[in-house]
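Below is one structure, written out as structure tokens, with a few remarks after it.
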2 protein chains.
Amino acid sequence: MALETIAENRCFDGLQGVYRHESEACNGPMRFALYRPPQALAGEACPVVTFLSGLTCTEENFTVKAGAQRMAAELGLILVAPDTSPRNQGIAGEDDSYDFGSGAGFYLDATQAPWSKAYRMESYLTRELPAVLEEYFQADWSRQGIMGHSMGGHGALTLHFKNRERWQSVSAFAPIVAPMQVPWGQKAFTGYLGDDRSTWEAYDACALVREKPSRAEILIDQGTADNFLNEQLRPELFEQACRDTGQPLKLRMQEGYDHSYFFIASFIEDHLRHHATALRG
Amino acid sequence: MALETIAENRCFDGLQGVYRHESEACNGPMRFALYRPPQALAGEACPVVTFLSGLTCTEENFTVKAGAQRMAAELGLILVAPDTSPRNQGIAGEDDSYDFGSGAGFYLDATQAPWSKAYRMESYLTRELPAVLEEYFQADWSRQGIMGHSMGGHGALTLHFKNRERWQSVSAFAPIVAPMQVPWGQKAFTGYLGDDRSTWEAYDACALVREKPSRAEILIDQGTADNFLNEQLRPELFEQACRDTGQPLKLRMQEGYDHSYFFIASFIEDHLRHHATALRG
């Protein structure tokens, strides 16, 4: 599979790249960002942490706003930031909402036409992108973590629960933890998966942890001034599910922080240390 | 003078704000970003460092891409990031070039019509903005530094030489050091100042240092893979002028780095430490 280099910039003695490749799962070209720390450039097989972004984002937001490369360089972590959905599918309504369609793939495989022809981010992230990465980049693919923000926090939690072997460490910023119970998730799941709610449970972190908790300690940061806290995020639902099932969870309510990348930047160091400790331990 | 708050976000236990006010010098509303570290929120009178951005930028680029708040919070520095030009003046051709007009104010006072009615960034930065800042924010205004990138590096160097009392410390990333001798500067100065090159010298760092060097040690970082290095930036001209005049200069050529914010982010910590040391010393 061919890989096209869009840009490469030296950053903290490592290399921040943006790449594009043809995706079968997503029915067209997909972009991702990948940061290689200096250790990787020197030939070391480094652990890999994937960051999944939130609604409206592309691979760029995390890459330019989170300030993550500094700690990745210090800790010797490779960072992968995929796009958040297929693009330019020509589906009616694809670009009409900020919370459905373009920029809102919700890290699932759609089963409903016309979305099912392209909106298959789960297959993309679990099968297709890993094949591309392993073909073109050197890393220790046996040590990987996953993290994300908001919709991407939902993606990180659910993909971890469903792929514990691949992604051994997990963390999230202001994640959607109970999509079946909140408007963002209900809209997305109805559109992508249809009305049968039993099919939704495979993409709901609260349902998945109740089915089978993971051994990994989950780190979640949540700002108390986040506008979406009470309606869309509801971390207390996940906290309760973890308590009920013995799932190790470190949920930190961060006073006065909102839903922005200023919040992510403030705590990205803690998250990368969390992954490095788990993956190198 | 009224100050409008556009946004305020908690960041590294401080507060990142974006504000707008009416400007007489720039003939309309102007925006700036200002970060207050936790020490300032707790009532300490903190030193202030102003960052001037490069061509095409607004107050946003540095604020979201440089990762500067982390070190500002650690060092107790207030950060100010002004816009790079007046906006929406309705002047013919104002938005036609990336290197002249909107986003390209060059930190000078234009003398040529029609630009002279609004393109007066020097007056804005030396008189008008300071008055607004001192009215609305608590700080130690006797301890200030100035820094910038590319066109903003030109602004930082020239404004320091012309206002040594106000801005005691200075640094730059990939600055335009000899605008009279490079295409970007020649185009801007011709348009804003006219054909009489004797009027240009007040805005040329190489000319200003030869007129009177400053006691401050100047820190400059320059990437060796910067596409603009040989045609527009030419740090060797400033290095020679500093050597000839005894101006203290630390010029660091950074191997493989380009002109992007990934370069700035990689070295912003060193620059903020440079300012903190000079201002607190």
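The values are calculated or read from the model by the stated rules, or taken from the named source; none is laboratory data. As the structure is a prediction and not an experimental result, all values here were calculated from the model. Cβ atoms come from the backbone with ideal geometry, glycine included; neighbour counts cover every protein chain shown. Surface areas here come from the heavy atoms of the whole protein model, side chains and all, with no ligands, DNA or RNA. Shrake-Rupley method; radii C 1.70, N 1.55, O 1.52, S 1.80 Å.
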Item to check | Label-to-label distance, nm, for residues given as residue A:98 and residue B:230 (7 Å Cα→Cβ offset) | outcome: 4.6
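Find the accessible area per residue for the range B:137-199; the probe is 1.4 Å, ligands and nucleic acids are left out, and the unit is Å². Mind dumping the intermediate values first?
Numbers: 1830 Å² over 63 residues.
That works out to 29 Å² for each residue.
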Item to check | Value of Rg/Rh across the range A:108-194 [Cα atoms, Kirkwood radius] | outcome: 1.01
Item to check | Vicinal HN-Hα couplings computed from phi for the range B:197-206 (Karplus, 6.51 cos²θ - 1.76 cosθ + 1.60; Hz; Gly/Pro x) | outcome: 5, 5, 7, 6, 5, 5, 10, 10, 4, 5
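To the nearest 100 Å², how much accessible surface do chains A and B hide from each other in total, with a 1.4 Å probe?
The A and B chains share an interface burying roughly 1700 Å².
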Next on the checklist: Tell me the mean residue ellipticity at 222 nm calculated for chain A from its helices only (DSSP H runs of n ≥ 4, each -39500 (n - 2.57), averaged over every residue, nearest 500).
Outcome noted: -9000 deg cm²/dmol
Next on the checklist: Within the range A:117-154, list the residues whose amide N lies under 13 Å from a label point set 7 Å along Cα→Cβ of residue A:45.
Outcome noted: A:138-144
Checklist entry - Can you work out D for the range A:153-218 in µm² s⁻¹ from Stokes-Einstein, where Rh is the Kirkwood radius over C-alpha pairs, the temperature is 25 °C and the viscosity is 0.890 mPa s? => result 203
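Can you name the helices of chain B, as whole DSSP H runs, whose Cα span along the helix axis is 27 Å or more and whose Kyte-Doolittle mean is not below 0.0?
Span-like helices, by this rule, are B:261-280.
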Checklist outcome for this item: Accessible-area loss of at least 30 Å² in the complex relative to the chain alone (1.4 Å probe) applies, within the range B:240-273, to B:257, B:258, B:262, B:266
Checklist outcome for this item: Per 10 angstrom bin, beginning at 0 and ending with the bin that holds the maximum distance, the Cα pairs of the range B:141-276 fall in percents of 13, 46, 34, 7, 0
Item to check | the range B:1-109: chymotrypsin sites (Phe, Trp or Tyr not before Pro) in DSSP loop, at most 16 other beta carbons within 10 Å | outcome: B:98
Checklist entry - How big is the equivalent ellipsoid of the range A:8-135 along its three axes, where each semi-axis is √(5λ) from the Cα gyration tensor, reported in whole Å from largest to smallest? => result 29, 15, 11
Next on the checklist: For residue A:220, what residues show an amide H to amide H distance below 5 Å, using hydrogens built from the backbone and excluding near sequence neighbours?
Outcome noted: A:172, A:250, A:251, A:252
Next on the checklist: Can you give me the C-alpha center-to-center distance between the range B:217-281 and the range A:236-281, rounded to a whole angstrom?
Outcome noted: 38
Item to check | Occluded residues from the range A:1-41, i.e. those whose accessible area drops by 50 Å² or more once the chain is not alone (1.4 Å probe) | outcome: A:9, A:10, A:12
Next on the checklist: 5 Å is the cut-off here: which amide hydrogens, built 1.01 Å from N in the peptide plane, fall below it relative to residue B:52, excluding neighbours closer than 5 in sequence?
Outcome noted: B:147, B:148, B:149
Checklist outcome for this item: Expressed as a whole-number percentage, the relative contact order of the range B:4-278 with C-alpha contacts under 8 angstrom and at least six residues apart is 17
Checklist outcome for this item: Over all viewing directions the Cα convex hull of the range B:4-278 casts an average projected area in nm² of 12.9
Item to check | Note, ³J(HN,Hα) from phi for the range B:81-88, Karplus 6.51, -1.76, 1.60, rounded to Hz, x at Gly and Pro | outcome: 10, x, 6, 9, 5, x, 9, 6
Checklist outcome for this item: Along the range B:41-53, Karplus-curve 3J(HN,Hα) (6.51, -1.76, 1.60; θ = phi - 60°) to the nearest Hz, with x for Gly and Pro, reads 5, 7, x, 6, 7, 8, x, 10, 10, 9, 10, 9, 8
Checklist outcome for this item: Computed over the range B:205-281, the distribution of all Cα-Cα distances in 5 Å bins, rounded to whole %, is 3, 14, 23, 20, 21, 15, 3, 0
Item to check | Estimated translational D of the protein assembly as shown in µm²/s (Stokes, Kirkwood radius over Cα pairs; 10 °C; 1.306 mPa s) | outcome: 64
Checklist entry - Tell me, what is the 1.4 Å probe accessible area of residue B:169, in Å² to the nearest 10? => result 0
Item to check | Charge sum, other residues only, whose C-beta stays under 15 Å from residue B:274's C-beta, Lys/Arg counted +1 and Asp/Glu -1 | outcome: +1
Checklist entry - Carbon-plus-sulfur fraction of the accessible area of the range B:198-281, 1.4 Å probe, in percent? => result 46
Checklist outcome for this item: homo-copy label distances at residue B:43 (7 angstrom along Cα-Cβ), nm, one dp, ascending, are 5.9
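Considering only DSSP beta bridges whose two residues both sit in the range A:133-281, what percent are antiparallel, to the nearest 5?
0
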Checklist entry - DSSP beta bridges in the range B:4-278, what fraction antiparallel, as a percent rounded to 5? => result 50
Next on the checklist: Net charge within 9 Å of residue B:264 by Cβ-Cβ distance, Lys/Arg positive one each and Asp/Glu negative one each, not counting residue B:264 itself?
Outcome noted: 0
